[in-house]
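What follows is a single structure, written as structure tokens, with notes after it.
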Amino acid sequence: MGESAIAHFESPVLSMEQDEAVATVWLDRPEARNAMGTDLWRDLPRAMEVVGADASVRAVVLAAKGPHFSVGLDLKEMGSILAGGAADEGGGGTGGSSSPASMAARARAARTNVLRLQDSITAVARCPKPVVAAVHGYCIGGGVDLIAACDIRLGSADAVFSVREVKMAIVADLGSLQRLPAIVGAGHLAELALTGKDINAERAKEIGLLNDVAADAEGACKAARAMAAEIAANSPIAVQGTKAVLAANEGRTVAEGLDYVATWNAGMLASDDLTEAVTAFMEKRAPKFTGR
């Protein structure tokens, strides 16, 4: 997929643009404070597939239009789906007959729906290109799930974060409980997830949820784009390989991780980019990487 795929991407809740090697994926439903509904779950994997497959894109910024990053799940729209009734295989929650669906059938439908939503968030983590989140305003519930799937998170001073599901009588199930221990630590996550409390940007940076804090939304987005451009200036082979190796470390011992990266580099070291890096160093100039 080339540049035209980004230029022609259409969604009622997402928009995309590209500046040189950096693509920006916007949450673009400001009138609903970027609440996460059916359109988002359908289109987010499509957007990440487009930027992931485009060789001209080397890094991605995930940002939001409007006053808030995201207030989380669109509960008005998603309520029946979360309950499992809207997606029973027979439709109407009856399993295709006039009798009510069994508890098992409803549970199966609910699980299928949760797995589908999980996969939409995981599409961000699965993207081979590094993804830098720029967060401002509210980042609540599903919004935290979304930024936890990013590689780096920057925020504005007005950003507010909350793993709020417990206050809605829900166990957070879209990735926060699984991804945040490696980002903020088990104790901080337990505090956030068990209380459902709000934390500000300063506290988020203190516990490691944010890498840095800018004065406002514009500053956070500018900082995210600058960081993405810095990443994009490096060899895409090495950058994407580093992301893949970091992901492969999960569930492995140090020895297993070392063995994995040795195998990875055995196949990837003989690149034109490595030759260019050495040549540029000898010639005292900035390298120009091609990804070959």
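Relative to the longest principal axis of the Cα atoms of the chain, helix 186-195 runs at roughly 30 degrees. By DSSP, the beta bridges lying fully in the chain are antiparallel in about 30 percent of cases.
Ligands, DNA and RNA left out, the accessible area of the chain computed with a 1.4 Å probe is 57% carbon and sulfur. Normalised by the number of residues in region 141-292, the average gap of Cα pairs under 8 Å and 6 or more apart makes the relative contact order 22 percent. Rounded to 0.05, the FRET efficiency of the A125 and K284 pair, given R0 = 35 Å and the Cβ-Cβ distance, is 0.35. Ignoring lysines fewer than eight residues from K197 along the same chain, the ones with Cα atoms less than 25 angstrom from its Cα are K65, K76, K167, K205. Loop-resident trypsin sites (Lys or Arg not before Pro) (DSSP state other than H, G, I, E or B) in region 117-216 with no more than 16 further Cβ atoms inside 10 Å of their Cβ: K197. With angles folded into 0 to 90 degrees, how steeply does helix 236-248 sit against the dominant principal axis of the chain? Use alpha carbons for both and round to 10. The answer is roughly 50 degrees. A DSSP coil position with no more than 12 other Cβ atoms inside 10 Å describes the following GluC sites (Glu not before Pro) in region 235-292: E250, E283.
Taking a probe of 1.4 Å, how large is the accessible area per residue of region 208-267, in Å²? Before the final figure, lay out the partial values.
Numbers: 3510 Å² over 60 residues.
About 58 Å² of surface per residue is accessible.
The residues packed around V22, meaning those with a beta-carbon under 9 Å from its beta-carbon, carry a net charge of 0 if Lys and Arg are +1 and Asp and Glu are -1.
The values are calculated or read from the model by the stated rules, or taken from the named source; none is laboratory data. Every value quoted in this text rests on a predicted model; they were computed, and no experiment measured them. Positions of Cβ are generated from backbone atoms using ideal geometry, with glycine treated the same way; all protein chains shown enter the neighbour counts. What goes into the accessible areas is simple: the full protein's heavy atoms, side chains included, and nothing from ligands, DNA or RNA. Shrake-Rupley method; radii C 1.70, N 1.55, O 1.52, S 1.80 Å.
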